[in-house]
Every structure is written in structure tokens, then in C-alpha cells.
1. Scanning for something assigned to a loop (DSSP other than H, G, I, E, B) and either within 16 Å of the ligand (Cβ to nearest atom) or open to solvent by 30 Å² or more (accessible area, probe 1.4 Å) (or both), does segment 125-140 turn up at least one residue?
2. With respect to residue 264, determine if the residue is charged (D, E, K, R), assigned to a helix (DSSP H, G or I), under 26 Å from residue 46 (Cα atoms) and open to solvent by 30 Å² or more (accessible area, probe 1.4 Å).
3. Contact list please: Cβ distance under 9 Å, first residue in segment 290-308 and within 25 Å of residue 150 (Cβ to Cβ), second residue buried (at least 16 other Cβ atoms within 10 Å of the Cβ) and polar (S, T, N, Q), pairs at least six apart or on different chains.
4. Please find, within segment 49-72, the residue that is nearest to the ligand (Cβ to nearest atom) out of those that are in contact (Cβ under 8 Å) with a residue 12 or more places away in the chain and open to solvent by 70 Å² or more (accessible area, probe 1.4 Å).
5. Give the residues of segment 180-199 that are open to solvent by less than 30 Å² (accessible area, probe 1.4 Å) and within 16 Å of the ligand (Cβ to nearest atom), sorted by residue number.
6. Taking the conditions exactly as written (small (Gly, Ala, Ser) and surrounded by fewer than 16 Cβ atoms within 10 Å (Cβ to Cβ)), does residue 45 satisfy them or not?
7. Could you tell me which of the residues 206, 171 is within 12 Å of the ligand (Cβ to nearest atom), open to solvent by less than 40 Å² (accessible area, probe 1.4 Å) and not in a loop (DSSP other than H, G, I, E, B)?
8. What's the total number of residues in segment 73-121 that are part of a strand (DSSP E or B) and open to solvent by less than 10 Å² (accessible area, probe 1.4 Å)?
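The values are calculated or read from the model by the stated rules, or taken from the named source; none is laboratory data. It should be emphasised that the depicted structure is a prediction, and the values quoted were computed from it without experimental measurement. So basically every Cβ, Gly included, is an ideal-geometry build from the backbone, and we count neighbours across all protein chains shown. Keep in mind that these areas ignore ligands, DNA and RNA; they rest on the heavy atoms of the full protein, side chains included. Shrake-Rupley method; radii C 1.70, N 1.55, O 1.52, S 1.80 Å.
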Amino acid sequence: MSRRLLPLFFALFLCLPLIAAPLKIGVFIPGQREGSPIYDSLAAGAERFASENPGSSVRVFEAGFNQAEWQEKLTSFVGSNRFDVILTSNPSLPDLIEAIAPFFPSQKFICLDGYKTGISALHTVLYNQTEQGYIAGYLAGLISSSALPGANPQKKAGMIIGQHYPVMDTLIAPGFEQGLKAVDPSFGLDIRVLGNWYDATKASDLAKSMIASGVDVILPICGSASQGVVKATKDLNRYLVFFDSDEYARAPGTILGCVALKQKELAYAKLAEFAQKATPWGRADVVGVKEGFIELLDRHPSYAQNLPQSIRGRMSDLIAGIASGALSFPAPRL
Ligand code: RBF
């Protein structure tokens, strides 16, 4: 080696321990990627990580809608492949992971949208969905109380949910209701349960029936079935607020606000942390607006075009209050 190259060689050698080894990533989707942005963004975050880290690979497995099969499918996904880490997302996954972890002692798991402490093979990150629900509820309350053409004087908002689950019943729905009542304590919340995460026809019927009873703003949390809610609400000239991702383009003028989770960014960040061997195993974290993982998408042209300045101003004040800590929602524990 020439003398001129020697310093470069030593510099590279010293840097080597800092360069993370390529990762084999398994992404377990408890449902389907299509139509559920929370899952699609999870996989997209892993794919971005792999594309930026040469030698890394991602395998995405969709376990489908039959929840009774998830345990077995997770077991065979873990058993049939040698992944450095399994990345997943769902509040019901930590319990399934806890049950199978003892059979795969070297397997590590990262679960977003879940919460469990004390499992040394598992790190979870939950979104503060009381906060997310509150932001969506406050916006829904302002829309319903406004002079917009689809709003009526009745103080009624709705949710169409895939099923009941603890995060829904103790964080999201109470947060949404609190947000509505912060606008006007007389607001009532009508919650309808679909019973699955894909039946768009039934979801459309539920939306129509809610609208007939006086609901003028709906928050759908029902996976790909939300297509039916969008159609019914658009046809009947009422309004939607959305969770999880940027949905404005699906029905401009009907979808008036989106309170997004930065799931792709969180998936990417957690894989980068894993690659640096810095994952806090056994720990359950909670993230929200302050940490940058919950965001009201208020810079989209649709938002400014369809909402009056009076509503946008009150929403900016709310977000500023949460960001400064003036308004805070206790970090939930499940
Ligand atoms: N959300 C979806 O968007 N699509 C789904 O298929 C889906 N399936 C779920 C299954 C179970 C058992 C549970 C507990 C939640 C599910 N969610 C689903 C809701 C998801 O975890 C999250 O609460 C919402 O996306 C709101 O952020």
C-alpha cells in the first residue's frame, strides 16, 4: 500500500465499528397492507431503511384479517426465517410476542402501536392516541359548530370503528370525545362498530344511518372499510376527519383534516437504533406531538382551501399549546 493511502486506511479501520452491519428485517403485518396506511407506512419505513443500508433486506408478511391465525402465523414467520429483528405494529401483538418469545430466545421484536414492558426480547412504542383523538375531536367539534354548508345545528359527531380494543376504548374514543366537548360540552359522540377492518358496504350503511340521525362529522377508524365511509359522506355532503395518514386526496372538500402518525419515520428510526445496538429492550415508550410522531396535517392545500381561518386559527393555538406543554395528555399506560 502506498504511503499516501495509509492514513485513509487507518481512518476507515477506526470507523468500522461505527458502520452498522446489514440487517435482515422481517415485517409482520397483522392485516393487509393495502387500505391500512398504518401498516403500509410500517413496511415503507423498513423498505426505506433497507434501501439506504446496503446488504440489508426486508421481507413483509401479511397475516390477513383472521386474528385467530395471527399467533400461528407469527410463530411460523419467526421460525422459518432468520431475521435479526421482527418489526410489527398493533396493540394486540405484544401479548402474542410474549407467548412465543421463550421458544425463540435469540429473536428480537420491535412493536409500534403497542405497549408492554419487561419482555427482554421486545421494545414497544405507543402513540399517545388520547392526544391524537383530542386533536381530531376538537377539529370535528369546530367543523360541526361552523357555518360550513354540510354542518347542522345538532351537536353530534360520529366514529366508525373496526372493533373495540383497549387503545380504542381507553385512549382514542375518550380523547376524541374530550376534544369535541372542549369545543362545546353539549356534544354527543355516536360510535358504531363494524366488526371487521374491511367491509366497506357495511361501513357505508353505518355512515348513512349516522348521518340520518344528525351526525355531520365522522372519524373512521376501520382500515380499508373506510372507503365506504368516504363514499357515503361525500354523497350526503357531510364531513370527515381522518387518522393515521394524509388522506385528503381521497375526497377533497369532504376530508377536512388528517391527524397523522409518523409511522414510516418511527419504523425507520427504530431500525436505525437497532442497527446501532441501542434498542432499549424491555422498555415501553410513548410518543406524541412533542416528539414529532403525531402531526395535524395543516399545511396541505386542502386544509386551507376548505376550512375558514377562524377554525384554522383555533387549531394552530391548540397545536401550539400541546407543543409548549401548556396542554398535556398523560402518557397512557395499558
Ligand atoms: N387499523 C387499520 O387501519 N387496519 C387494520 O386492519 C387494523 N386492524 C386492527 C386489529 C386489531 C386487533 C386491533 C387491536 C387494531 C387494529 N387496527 C387496524 C387499528 C390500529 O391499531 C390503530 O388503532 C388505528 O389505525 C388508529 O391509529
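1. First pass over segment 125-140, keeping only residues assigned to a loop (DSSP other than H, G, I, E, B): 128.
The next check asks that each one be either within 16 Å of the ligand (Cβ to nearest atom) or open to solvent by 30 Å² or more (accessible area, probe 1.4 Å) (or both); those that pass are 128.
Within segment 125-140, one or more residues are assigned to a loop (DSSP other than H, G, I, E, B) and either within 16 Å of the ligand (Cβ to nearest atom) or open to solvent by 30 Å² or more (accessible area, probe 1.4 Å) (or both).
2. Numbers: charged (D, E, K, R): yes; assigned to a helix (DSSP H, G or I): yes; under 26 Å from residue 46 (Cα atoms): yes; open to solvent by 30 Å² or more (accessible area, probe 1.4 Å): yes.
Yes; evaluated as a whole, the condition is true for this residue.
3. Sorted first by the residue in segment 290-308, then by its partner, the pairs are 297/245; 306/254; 307/146; 308/146.
4. The initial filter retains those residues of segment 49-72 that are in contact (Cβ under 8 Å) with a residue 12 or more places away in the chain, namely 49-50, 53-65, 67, 70-71.
After this cut, where a residue has to be open to solvent by 70 Å² or more (accessible area, probe 1.4 Å) as well, the list is 54, 59, 62, 67.
Details: 54: 32, 59: 20, 62: 10, 67: 5 Å.
So, considering only residues that are in contact (Cβ under 8 Å) with a residue 12 or more places away in the chain and open to solvent by 70 Å² or more (accessible area, probe 1.4 Å), the one nearest to the ligand (Cβ to nearest atom) is 67.
5. The answer is 194, 196.
6. Numbers: small (Gly, Ala, Ser): yes; surrounded by fewer than 16 Cβ atoms within 10 Å (Cβ to Cβ): no.
Against the criterion (small (Gly, Ala, Ser) and surrounded by fewer than 16 Cβ atoms within 10 Å (Cβ to Cβ)), residue 45 does not qualify.
7. Details: 206 fails: within 12 Å of the ligand (Cβ to nearest atom).
Result of the check over 206, 171: 171.
8. The first filter runs over segment 73-121 and keeps only residues part of a strand (DSSP E or B), leaving 85-89, 108-112.
Okay, now just the ones that are also open to solvent by less than 10 Å² (accessible area, probe 1.4 Å), so 85-89, 109-112.
Looking only at that region, the number is 9.
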